[in-house]
Amino acid sequence: MKKFFADFKAFIMKGNIIDMAVGVVIGGAFGKIVTSLVNDIITPLVSILTGKVSLTELKWVINEAVLAEDGVTVVTPELALTYGNFLQNIIDFLIIAISIFVVLRTMTLAQKKLESLKKKEEEEKKEEAPKETELSVLCEIREMLKKQQGEEESEE
């Protein structure tokens, strides 16, 4: 039983799981924003075009409801294809997909730009580094020879 909980703890503490949990929470909040956008802004605009209050009201009635003589009791319920719900879900999906695409594309472009800037800085650092010339190498050799001669004279 201890091994089970140890394995479970290791599983939970993995970075991917935590990232996924954060993604789910942010995705839920993002979904609420998109749903509000669709329900509160886009649907009213579409309803102006369709003449209906909401897309979800759109339907194709195959068989009308049959009412009893009292006019209230339903004997046979209405049979209808409520394609308005389907259209509303398609619009929701498209807006969510476009929103996610825009966010991911923006993040990708920003990441590429950051990588490009880092690469450019590295190239500039390489260019700034002093390049060894023949003269500098010869001077180093001369200095090493002088030190070596000084060490030999001090040993004698």
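Some points to look at:
- Among the residues here, residue 124 does not qualify as assigned to a loop (DSSP other than H, G, I, E, B) and without any contact (Cβ under 8 Å) to a residue 40 or more places away in the chain.
- Test for residue 116: is it at pLDDT 90 or above and either at negative phi or surrounded by 10 or more Cβ atoms within 10 Å (Cβ to Cβ) (or both): yes
- Just one of (1) part of a helix (DSSP H, G or I); (2) hydrophobic (A, V, I, L, M, F, W, C); (3) surrounded by 10 or more Cβ atoms within 10 Å (Cβ to Cβ) fails for residue 5. It is (3).
- Scanning segment 69-107 for residues that are closer than 13 Å to residue 43 by Cα and in contact (Cβ under 8 Å) with a residue 12 or more places away in the chain returns 84, 85, 87, 88, 91, 92, 95.
- Just one of the listed residues (141, 96, 90) is open to solvent by less than 100 Å² (accessible area, probe 1.4 Å), part of a helix (DSSP H, G or I), at pLDDT below 85 and not polar (S, T, N, Q), and it is 96.
- Within segment 13-60, the residues that satisfy the criterion of being outside any helix (DSSP H, G or I) and open to solvent by less than 50 Å² (accessible area, probe 1.4 Å) are 54, 58.
The values are calculated or read from the model by the stated rules, or taken from the named source; none is laboratory data. The shown structure was predicted, so the numbers you read here are calculated from the model rather than taken from an experiment. So basically every Cβ, Gly included, is an ideal-geometry build from the backbone, and we count neighbours across all protein chains shown. The accessibility values were calculated without ligands, DNA or RNA, using every heavy atom of the protein model including side chains. Shrake-Rupley method; radii C 1.70, N 1.55, O 1.52, S 1.80 Å.
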